[in-house]
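J.: Please find one structure pasted underneath; my questions will follow.
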Amino acid sequence: MSVKVGIIMGSQSDWPTMKKAADILDELGVAYETKIVSAHRTPDRLWTYGKEATGRGLKVIIAGAGGAAHLPGMMASKTRVPVVGVPIQTRALSGVDSLYSIVQMPKGFPVATMAIGEAGAANAGLMAAGILATFDDALGERLDAWRAALAASIPDAPVDE
Ligand code: RP5
């Protein structure tokens, strides 16, 4: 199975959040790779990753970063592969800093920005799967089944706990 999704993050400390994207892709049988790529600490690694992304067959890049979170936007500037951004929840500003850093891209270089934190990371996995499912019917069926199972798990009415 060739790797079509790259999950990149600015730091090892982002992995517990970004693992939620990987978990979804595991559930849906989507091959992915993981890599630490920091806009500030390893800019050359960022440049090389972006430059080679299309040639290596990547179809979606999920990029998570926190604080001055320039990784998703810089990656979007370097490759036409769609970038899904995940704002990491930070201690100082609860991830609002990450969100604003990622979402406010100038016209021309979009980043599909998810919610702050683990829900955003999980949704990034689902977003990547949805994109791949536009040209992979079998994956589309697995994604439909995943969504149906989630809907079926929601009770009709609340109960006293
Ligand atoms: C960002 O700085 C990373 O994405 C991470 O969210 C944040 C803090 O990194 P560490 O100091 O924990 O390595 O570049």
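The values are calculated or read from the model by the stated rules, or taken from the named source; none is laboratory data. Bear in mind the structure is a predicted one, so any value in this text is a computation, not a measurement. With ideal geometry, Cβ positions are generated from the backbone for all residues, glycine too; neighbour counts draw on all protein chains shown.
J.: For segment 60-118, give me the residue count where each residue is hydroxyl-bearing (Ser, Thr, Tyr), under 17 Å from Pro43 (Cβ atoms) and under 16 Å from the mean Cα position of the chain (by Cα).
T.: 2
J.: For Ser2, indicate whether it is surrounded by fewer than 24 Cβ atoms within 10 Å (Cβ to Cβ) and either within 16 Å of the ligand (Cβ to nearest atom) or at pLDDT below 95 (or both).
T.: yes
J.: Same structure again: Filter segment 35-69 for residues that are on the phi < 0 side of the Ramachandran plot, part of a loop (DSSP other than H, G, I, E, B), within 15 Å of the ligand (Cβ to nearest atom) and of a type outside the set (Ser, Thr, Tyr) and give the result.
T.: If the condition is that a residue be on the phi < 0 side of the Ramachandran plot, part of a loop (DSSP other than H, G, I, E, B), within 15 Å of the ligand (Cβ to nearest atom) and of a type outside the set (Ser, Thr, Tyr), then Val37, Ala39, His40, Arg41, Gly66, Ala68, Ala69 are the ones that fit.
J.: Regarding segment 140-158, can at least one residue be identified that is within 16 Å of the ligand (Cβ to nearest atom) and either touching a Cys at 6+ places or on another chain (Cβ under 9 Å) or outside any loop (DSSP other than H, G, I, E, B) (or both)?
T.: Looking through segment 140-158, none of the residues is within 16 Å of the ligand (Cβ to nearest atom) and either touching a Cys at 6+ places or on another chain (Cβ under 9 Å) or outside any loop (DSSP other than H, G, I, E, B) (or both).
J.: While we're here: Please state which one of Ala112, Ala76, Ala69 is crowded, with 16+ Cβ neighbours inside 10 Å and in contact with a Phe, Trp or Tyr (Cβ under 6 Å, 6 or more places away or on another chain).
T.: Ala76
J.: Can you tell me which of Thr134, Thr79, Thr90, Thr113 is under 19 Å from Asp26 (Cα atoms) and not hydrophobic (A, V, I, L, M, F, W, C)?
T.: Exactly one residue qualifies, and that residue is Thr134.
J.: So, one more: So if I check each of Ala22, Ala63, Ala39, which one is free of Cβ contacts under 8 Å to residues at least 60 places away in the same chain and under 30 Å from Arg147 (Cα atoms)?
T.: One residue alone meets the criteria, Ala63.
J.: Here's something else I'd like to know. Of the conditions (1) surrounded by fewer than 19 Cβ atoms within 10 Å (Cβ to Cβ); (2) acidic (Asp, Glu); (3) under 19 Å from Ala128 (Cα atoms), Asp44 fails just one. Which one is it?
T.: Unmet condition: (3).
J.: Can you name the condition, by its number, that Gly120 falls short on among (1) crowded, with 21+ Cβ neighbours inside 10 Å; (2) part of a loop (DSSP other than H, G, I, E, B); (3) within 14 Å of the ligand (Cβ to nearest atom)?
T.: Among (1) crowded, with 21+ Cβ neighbours inside 10 Å; (2) part of a loop (DSSP other than H, G, I, E, B); (3) within 14 Å of the ligand (Cβ to nearest atom), Gly120 violates only (2).
The rows are residues; the columns are (1) touching a strand residue (DSSP E or B) at 6+ places or on another chain (Cβ under 8 Å); (2) under 18 Å from Gly10 (Cβ atoms); (3) in contact (Cβ under 8 Å) with a residue 24 or more places away in the chain.
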| residue | (1), (2), (3) |
| --- | --- |
| Val103 | yes, yes, no |
| Ala122 | no, no, yes |
| Leu139 | no, no, yes |
| Asp144 | no, no, no |
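J.: Considering only residues of segment 70-91 that are near the ligand (Cβ under 10 Å from one of its atoms) and assigned to a loop (DSSP other than H, G, I, E, B), which is nearest to Ala129 (Cα to Cα)?
T.: Out of the qualifying residues, it is Ile88.
J.: Using the structure shown, decide if Trp15 is away from the ligand (no atom under 13 Å from the Cβ) and surrounded by fewer than 19 Cβ atoms within 10 Å (Cβ to Cβ).
T.: no
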